[in-house]
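Q: Following this message is one structure expressed as structure tokens.
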Amino acid sequence: MNVTKNVIQDLLPAYLAGEASADTVDLVEEFLTTDPELARTVESFRANPLAQPAVELRPDREKETLNMTKRLLWWRGILMGLAMFLTLMPLSFRFAGGSIRWTFMQEAPPDVTALVCLAALGSWGGFLYVRRRLQGTGL
């Protein structure tokens, strides 16, 4: 089998990270003896390795994320129920004497009707906001 430069370049990340098997290390080192240009490139990577990013994760970060997701799911359910209730409440009706009788809107003052409509819109807005925040979690 003919090992090309492209194959060796594919193996270099594992080789340079020290994660390659013994056979892969032997194969790469054997090829580097025949290709001085690639050998210089490998040596430059060894001389100037990439800096490892300093990642500081708090140990309780996963628990915080889980608790936040649980809260958002709870709010999503509450807001969905409230939004549906407030949307359907003014629309509730009954049939009486061959006509439709609106049970809520019939005697409700316009201020109350406007307040219920605004509360329904606010609930739907809150539900959509929480739903959008939960999209990153896949829930």
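Q: So how do 35, 23 line up by other beta-carbon neighbours within 10 Å, fewest first?
A: Least crowded to most crowded, the residues run 23, 35.
Q: Considering the options 7, 24, 44, tell which one lies farthest towards the positive end of the dipole of segment 5-47, charges being +1 on Lys and Arg and -1 on Asp and Glu at the Cβ, about the Cα centre.
A: Farthest towards the positive end: 44.
Q: Tell me, 123, 99 in order of fewest to most beta-carbon neighbours within 10 Å?
A: So the ranking, lowest neighbour count to highest, is 99, 123.
Read-outs throughout are calculated quantities, based only on the coordinates presented, and are distinct from any laboratory measurement. Every value quoted in this text rests on a predicted model; they were computed, and no experiment measured them. Virtual Cβ from ideal backbone geometry, glycine too; neighbours counted across all protein chains shown.
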